[in-house]
1. On C-alpha positions alone, give me the angle between the axis of helix A:148-168 and the longest principal axis of chain A, in degrees, nearest 10.
2. Averaged over every viewing direction, what's the projected area of the C-alpha convex hull for the stretch A:1-150? Give it in nm², one decimal, please.
3. Considering every residue in B:346-356, what mean count of other chain Cβ atoms within 10 Å of its Cβ is obtained?
4. To the nearest 500 deg cm²/dmol, what mean residue ellipticity at 222 nm is calculated for the protein assembly as shown from DSSP H runs of n ≥ 4 alone, each contributing -39,500 (n - 2.57), summed and divided by the residues?
5. What value does the protein assembly as shown have for Rg/Rh, both radii from Cα atoms and Rh as Kirkwood defines it?
6. List the residues whose amide H sits under 5 Å from the amide H of B:I14, counting only those 5 or more places along or on another chain, with H placed 1.01 Å from N in the peptide plane.
7. Specify the inter-centroid distance of the stretch A:245-315 and the stretch B:436-511, based on alpha-carbon positions, in whole Å.
8. Per-residue counts of other Cβ atoms within 10 Å, averaged by peptide: what ranking do you get for B:371-382, B:262-273, B:129-140, highest first?
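None of the figures in this text is laboratory data; all of them are computed from the coordinates on show. Owing to the predicted nature of the structure, the values given are computational and were not obtained by experimental measurement. Ideal geometry is used to build each Cβ from the backbone, glycine not excepted, and the neighbour counts take in all protein chains shown.
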Amino acid sequence: MKKKEKYISTTQIEKRFSLIRTALAIVISLLFCFLLIFISSKQPFQDIVTFMIAPLTSPSRFCLMLLKMSPLLFTSVAVCILFSANTANLAVETAFYAAALSSSVISVIEGFAPAPLHFIAAAIAGCLGSIIVLLIPAVLELKFNANIVVSSLMLNYIINLLGNYLICGPLKEPGFSKEATKLIQESAKLPIIANVSGQKLHLGIIIGIICCVVGWFIIYKTNFGYEARTVGQNPNFAKFSGINVGKVIVIGSLIAAIFCGIGATSEINGYYRRMEWEGSIGYGWDGIMIAILANNNPLFCIPGAAFLAYIRTSADILNMTSNIPIEIANVVQQVVIIMIAAKGLLSKPEKKAIIANAKKQAELKEKELAENNG
Amino acid sequence: MTNEENRNLNNDVILKMENITKIYSNGFIANKGINLELRRGEIHGLVGENGAGKTTLMKVLFGHESPEEGRILYEGKEVQITDPTHALELGIGMVHQHFMLVDDLSVAENMVLGAEPVKGIVFDKKKAIELTKETAAKFNLPVDPNALIKDLSVGYRQRVEILKVLLRGVKILILDEPTAVLTPQETEELFVQLINLKKQGFTIVFISHKLQEVKQICDRITVLRLGEVTGQANIEDVEIEDISRMMVGRDVDLEIGKDPAKPGKTVLSVRNLEHVDKYGVKNLNGVSFDVREGEILGVAGVEGNGQSELSDTICGLISLQKGEVTIDGKSIANKGIDKIRAMDVSMMHEDRTIYGASRNQSIEENVMADRYFNEPYSRRGILNHKEITEKTKELIKDFVVKCDGPDALVKTLSGGNVQKVVAAREFSSTPRLLVASHPTRGIDVGATDLIRRKIVNLRDKENSAVLLFSADLNELINVSDSIIVMYDGQIAAYFRDLKGVTPSVLGEYMLGVKRMSDEEIAQVIYN
């Protein structure tokens, strides 16, 4: 038997560095954030502490964090599905909004169906809305070779304006003081699983986590997931192997749309009394950021969404306890994105490690050879 | 030390590379402590298998790559070659395997690219043409300065590449596998030119793994294997067998003994196939032939005479425009690749990095691409990873793929092993028809031998029909049972029996010098 020396492959080193890079990105963005707090705050040390631990300081704050996390789970898993097939369909942003609109049409109908069924019907209606939005850019690309990034970005404007019109017009409750739909029926609401001093935590977070697990299963354990990943990695190879690239993109968009549909319905019917979004609110963009952080693995979206929700909650609380504006969370978010996008980060030490490892491997092999000969 | 310094002072040695080690950022050690010595006015053969590190070493010399260790002495002085421009300034020029010419520009314009003569701020075309003519005359390499590159043959383009480097006043000329793309006739012509240049005092590095050519033209050789020097010799002192042994590390016999074919029913039948590309060029102009079960039909031809279009049409990668292609009597018209594969057709595309394999996926995921939807690899749309891993392990063993395991990413494998993975997938599905385009291009001897044997094995064991495209004429003659030659989108010759067929015989038909009569060509149609 060969002596078991510790064997590291180049792939393992690359994986390790990708992890370090993500961690480093988060640390650097937090440091940057501290710097900003330091410059602008009257009580910097206290504020930094608040920013770091605020969501953990009381049950209701923790609840608030979970509430903020819930919608992010859905959009990020949807983006994971799209991105693993390398479909840069940015209409996720308004697909979520469209689903909120179309589900509310059903949710407000009095006596539509008994408790769980009303919600399910609303979710199906929500899915229809998001399916239409996500399929438009996908089909445009497949049929007319229209760049999906451009068409989906443009579509976001259209859906936003259309939604705004619907909320201010046909869907608005006449006579109500705000631009919002009628009350969402109790039968369509999601059950509350915890009520911590006014923060009502609804079932959405559980559904979201389930969706992440399902998304992970789809991507890594099913034929479709294999097809999608292959199309994403090398569409020519996929095509030459007999995989129908167009079908994969359409099915991927459908699955992503379903996650958006369920998510938007859960969010509106769990947290709100009425559907009152006059435009999309950025959950799609957040989903993209989390999916990139998670390297398109839906399971990693759970900590990813938690991280984003955590700093948002911190920023919220900081906003209340100090003169630091809520936008501090956006700063962290943007810096993380920049750092993650900076693929060259740590590339020199990475190369050094790989080369040193290669040398060690070569020496080991020689030694082995010498031993075998001797 | 004094001894070495003395040798450096020796006027004969123009360049020395000492103890060069190059490790790529993926951890691959391409060069390990290599020493190379070039003398003035010699043709130095840098010999080795694909992946032995020849090109890497020359990239280090040309400033494309920086080595981790080692130093370079040029005319006795240590130099740091930082980039190709610097190398050219020093007098080191390289002609790459893939030509670096702009198709839409003229010969003269390409010649001066990177060092354009100017009049004021305007490009001086007259001067460029003059320079081109001057250089061409000086080195006795005639070219037409006004011809567009896209209209020129491969041999002609290579001449332009060589002239382009000479124009920069180099003393050392590196040629990376210059004959890989040439027909035998063009190769002979190139050799005359190279010997001419040698007589004028140029030092030429001739990178190759074709030992016949090395023996014919080189003065001295350096042999590389797996990134290390395994031999250095004057060419008179070694036989081809010796070089081959240094190169591969064992005796090799690339002849594969095979029994005569026992052809049966027609599997693939192509009739009057025509194809016009998007530029309106007719790449295929009435091609008709049959391939029968238990038969390997080779397709010879200079690149760009319709072979790619022919194989892509049969595989369904480009749509059938005019004519008829049937497999076991069933037409492939309007069928996608998945439907054609379902007719038990296996395909190896000439471009394996794009169509044959997916670099960032594992061997497992690569091997399963054509069967993941079948039991036992998946049931009701859910993958059975255990079965997939089992099958992959079996194939890795069967095709001797050197790797860390079934989950190793394909990008970590050497070229030969990537192609083995492709072969493992395509050969293991008991195909009725195998369309193999350049299955051994650019891979090492071991993998080449294995893939050739597996192809013959398919013919014998599975009674498959094989259509084999290759630029390696020895491979075609060795592996095929009969050969068609393509020229200008048509079949120019059909050799039913390969007795007495040599590369130069094929070469004449490939260049369009000769053409068989229509009756002779029509013999390739069996029913």
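1. So the inclination is approximately 20 degrees.
2. Answer in nm², one decimal: 18.7.
3. Taking all residues of B:346-356 together, the mean is 3.
4. The helix contribution divided over the protein assembly as shown gives -15500 deg cm²/dmol.
5. That ratio is 1.04, to two decimals.
6. Result for B:I14 returns B:L38, B:R39, B:R40.
7. Using only Cα atoms, the two centres lie 55 Å from each other.
8. B:262-273, B:129-140, B:371-382
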